[in-house]
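I have placed the structure first, in the form of structure tokens, so that the comments after it can refer back to it.
The values are calculated or read from the model by the stated rules, or taken from the named source; none is laboratory data. Since we're looking at a predicted model, the values are computed, not measured. Cβ placement follows ideal geometry from the backbone for every residue including glycine, while neighbour counts extend to all protein chains displayed.
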């Protein structure tokens, strides 16, 4: 799939608060779309989000669907908890639903807000 991992995209546009704000809005939209369609990804993290297009017109695409929830899997357990840095500390394999990605999206959206205010947070 063409594009950049989200962390690479953010690094490339760290000084562009407008782009970071647009990325936040697009992450909110993806999160809402997943829940509205009763789908959960299960492993929302930097390695599973690709940004394609230009800074003026980009799309957010999810990859790695092995932990995905769909309604036919209701009452099952997740096969993974996702990358721990992006998951609620109390998430278990039983947390398998369309709502399971909320915390992960909020971690990313909050991190982007912090980067808009303090660019040094993005420096390794």
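Here are a few things to note about the model shown:
- Residue ID - surrounded by the most Cβ atoms within 10 Å (Cβ to Cβ), chosen from residues in the range 66-91 that are without any contact (Cβ under 8 Å) to a residue 24 or more places away in the chain, more than 19 Å from the chain's Cα centre (by Cα) and in a helix (DSSP H, G or I): 73
- Restricting the range 1-18 to residues that are in contact with a strand residue (DSSP E or B) (Cβ under 8 Å, 6 or more places away or on another chain) and either surrounded by 15 or more Cβ atoms within 10 Å (Cβ to Cβ) or over 19 Å from residue 111 (Cα atoms) (or both), the residue that is modelled with the lowest pLDDT is 1.
- Of 58, 105, all but one fail to be outside any helix (DSSP H, G or I) and in contact (Cβ under 8 Å) with a residue 40 or more places away in the chain; the exception is 58.
- The residue that is surrounded by the fewest Cβ atoms within 10 Å (Cβ to Cβ), among those in the range 56-65 that are over 10 Å from residue 43 (Cα atoms) and under 16 Å from the mean Cα position of the chain (by Cα), is 59.
- Only residues that are surrounded by fewer than 16 Cβ atoms within 10 Å (Cβ to Cβ) and touching a residue at least 24 places away in the same chain (Cβ under 8 Å) were counted across the range 19-28, and they come to 3.
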